[in-house]
Amino acid sequence: MKKYVIDGQSITVKSLHEMVYNPGTFELAASSRAEIKKSRDYIEGRIKNGEVMYGVNTGFGAFSSVRISDSEIEQLQRNLIRSHSMGIGEPFTKEQSKAMMILRANTLARGFSGIRIEAVEKILEFLNNDLIPVIPSQGSVGASGDLAPLSHLALTLIGEGEIWSGDGKSVTTDYKNIQPLVLKAKEGLSLINGCQVMTAVGMLALYEAKQLLKVADIAGATSLEGLRGSRRPFDPLIAATRPHMGEAPTAKNLLKVMGASSEIGDSHLHETTDHRVQDAYSLRCMPAVHGAAKMALDYCERVLTTEANSATDNPLVFADAGKILSCGNFHGMPVAHAMDFAAIAVSSLASISHERISKFISTQMSELPPFLAPNGGLNSGHMIVQVASASLVSENKVLAHPASVDSMPTSAEKEDHVSMGTIAARKFSKVVENAQNVFAMEFLSATQALDMILPLKPAEGVKVAFDTIRAEVPYAKEDRIFAKDVAKIKSLIVTGAIVKAVEAKVGELAC
């Protein structure tokens with residue numbers, strides 16, 4: 001079983017996904033232990049000197065001016081967790097909650113929170129025993145971080161919350177005889193300050209979105225062959241004249257998947273004799289549109305990686321400098337902006353996929369049977385495949401409305417500007433899921449078209465994608481329940497089966 005070392009500075013989108021989905025044990029890095037102990041020793045010294053420090057021996061938020069006696073400090077921390085456990089609605093998935101725990105441990109491992117080593121080790125103990133808290137998905141405004149959902153995480157650590165059963169579907173309060181954490185000064189506050197909920201949800205969704213970048217290029221290449229489109233818009237000479245970082249790699253991906261030629265491509269090699277002259281934007285402009293999504297998600301990945309390895313507590317403890325500083329590192333706006341941007345990018349990617357689906361069912365835009373239906377009339381073909389795709393793309397337009405432009409004062413005007421970053425992350429996660437289904441529908445239509453233009457054969461890379469899908473979903477000689485086909489193809493997308501098969505044939509694709 002793999003060992004995952006939490007050191008406060010090494011988590012990436014890829015590594016977090018691995019930690020969540022691949023079995024392993026968690027331990028705290030020795031360097032982090034030293035930093036945590038240093039800051040804890042410093043803050044305990046300040047407490048002994050009778051100093052007043054926010055969140056240590058004062059109330060919280062608008063109660064920051066209320067001094068708490070030393071004898072009530074532990075009760076103060078317990079009360080904070082209980083009162084702030086105000087999440088509502090459907091819970092996050094077990095995997096999302098596990099990611100939150102990993103990120104929470106990682107930010108505390110930075111050593112700027114002034115908590116005990118035992119508090120971080122308790123999170124890792126829960127992880128190592130697969131004790132993952134049930135965390136409601138609504139109730140966070142994204143500043144002071146994800147207070148409500150992170151309080152539900154902390155509630156479990158102190159023995160008062162619910163955890164997922166082994167099946168990941170039911171809940172229990174059986175902690176397998178693990179002793180609850182007894183909170184000491186500042187520890188309750190340190191467990192809930194920060195953006196680990198929005199960042200965890202965002203990073204897991206971003207991992208899936210990054211995989212869709214390759215899927216989009218493969219699906220687009222498959223559609224172009226099915227629609228007997230032209231390769232010429234992907235000539236390297238074109239991308240060189242507009243050097244956005246996503247354009248040339250996308251054009252290169254498309255040419256890798258489609259090769260220099262195919263029987264389908266050769267059938268209309270001379271554009272001067274082709275009545276279409278130019279393909280529709282959804283085919284011709286793939287380097288620009290898919291490339292723009294690549295650039296957007298690259299930016300978002302940098303933001304989330306930075307956030308995952310940051311200290312987001314308030315106040316922060318700087319033992320070496322002899323300072324305890326109140327700050328706003330818990331504010332989720334960097335993540336909120338990134339999540340809104342990511343939702344917009346993936347929505348656009350799904351939208352261009354939908355337009356290619358629309359071309360398949362139209363006799364004005366293809367030379368294929370109407371709605372890809374053999375014996376049309378008796379069969380409706382992909383009529384409602386396109387309608388369902390339109391529904392998802394339209395839903396994404398609603399979900400892509402930015403949450404981060406909204407703010408609502410909270411906590412009696414003390415916390416007067418908030419990020420709504422967790423809402424943005426939740427929306428982005430749904431946008432990605434919708435996009436996966438849209439691309440599954442595109443593959444369904446594209447492979448149906450390729451069967452209909454036999455005996456002309458597609459390029460080798462497209463043929464591999466076609467064969468991978470055909471192993472699960474046969475050609476539709478007549479109407480059937482296409483929703484089942486879409487579910488099977490979506491599974492091939494989520495597991496990476498299509499991408500892996502194509503890359504095994506043509507080489508690694510850029511994303």
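The values are calculated or read from the model by the stated rules, or taken from the named source; none is laboratory data. Small disclaimer: the values here were computed from a predicted structure and weren't measured. Cβ placement follows ideal geometry from the backbone for every residue including glycine, while neighbour counts extend to all protein chains displayed.
Descriptive notes on the structure:
- Gly159, sole failed condition from (1) without any contact (Cβ under 8 Å) to a residue 60 or more places away in the chain; (2) under 30 Å from Thr58 (Cβ atoms); (3) not in a loop (DSSP other than H, G, I, E, B): (3)
- Residues that are in contact with a Gly (Cβ under 8 Å, 6 or more places away or on another chain), under 18 Å from Ser137 (Cβ atoms) and of a type in the set (Ser, Thr, Tyr) are absent from the range 345-354.
- Pairs, first touching a residue at least 12 places away in the same chain (Cβ under 8 Å) and within 16 Å of Ala440 (Cα to Cα) in the range 490-506, second part of a helix (DSSP H, G or I) and charged (D, E, K, R), C-beta under 6 Å, six or more apart: Val499/Lys214
- Scanning the range 40-73 for residues that are among the hydrophobic types (A, V, I, L, M, F, W, C) and under 20 Å from Ser144 (Cβ atoms) returns Ile43, Val52, Met53, Val56, Phe60, Ala62, Phe63, Val66, Ile68, Ile73.
- No other residue among Val418, Val393, Val385 is surrounded by 15 or more Cβ atoms within 10 Å (Cβ to Cβ) and over 27 Å from Leu450 (Cα atoms) apart from Val418.
- In the range 236-263, of all residues being crowded, with 23+ Cβ neighbours inside 10 Å, of a type outside the set (D, E, K, R) and in a helix (DSSP H, G or I), the one that is nearest to the chain's Cα centre (by Cα) corresponds to Thr250.
- So Pro374, is it closer than 30 Å to Ser39 by Cβ, in the same structural domain as Ala296 (by TED's automatic domain parsing) and not in a strand (DSSP E or B): no
- Every residue from the range 442-485 that is of a type in the set (Asp, Glu) and assigned to a helix (DSSP H, G or I): Glu442, Asp451, Glu460, Asp467, Asp485
- Residue in the range 428-441 that is touching a Gly at 6+ places or on another chain (Cβ under 9 Å), within 21 Å of His17 (Cβ to Cβ), assigned to a helix (DSSP H, G or I) and in the same structural domain as Ser391 (by TED's automatic domain parsing) present: yes
- The set of residues in the range 1-35 being in contact with a Leu (Cβ under 7 Å, 6 or more places away or on another chain), within 20 Å of Cys300 (Cα to Cα) and not aliphatic (A, V, I, L, M) consists of His17 alone.
- Considering residues of the range 450-482 that are surrounded by fewer than 22 Cβ atoms within 10 Å (Cβ to Cβ) and touching a Phe, Trp or Tyr at 6+ places or on another chain (Cβ under 8 Å) only, the residue nearest to Ala260 (Cα to Cα): Asp451
- Looking only at residues in the range 91-119 that are charged (D, E, K, R) and closer than 29 Å to Asp320 by Cα, the one that is surrounded by the most Cβ atoms within 10 Å (Cβ to Cβ) is Arg104.
- Single unsatisfied condition, Ser347 versus (1) touching a Lys or Arg at 6+ places or on another chain (Cβ under 8 Å); (2) within 20 Å of Asp298 (Cα to Cα); (3) not in a helix (DSSP H, G or I): (3)
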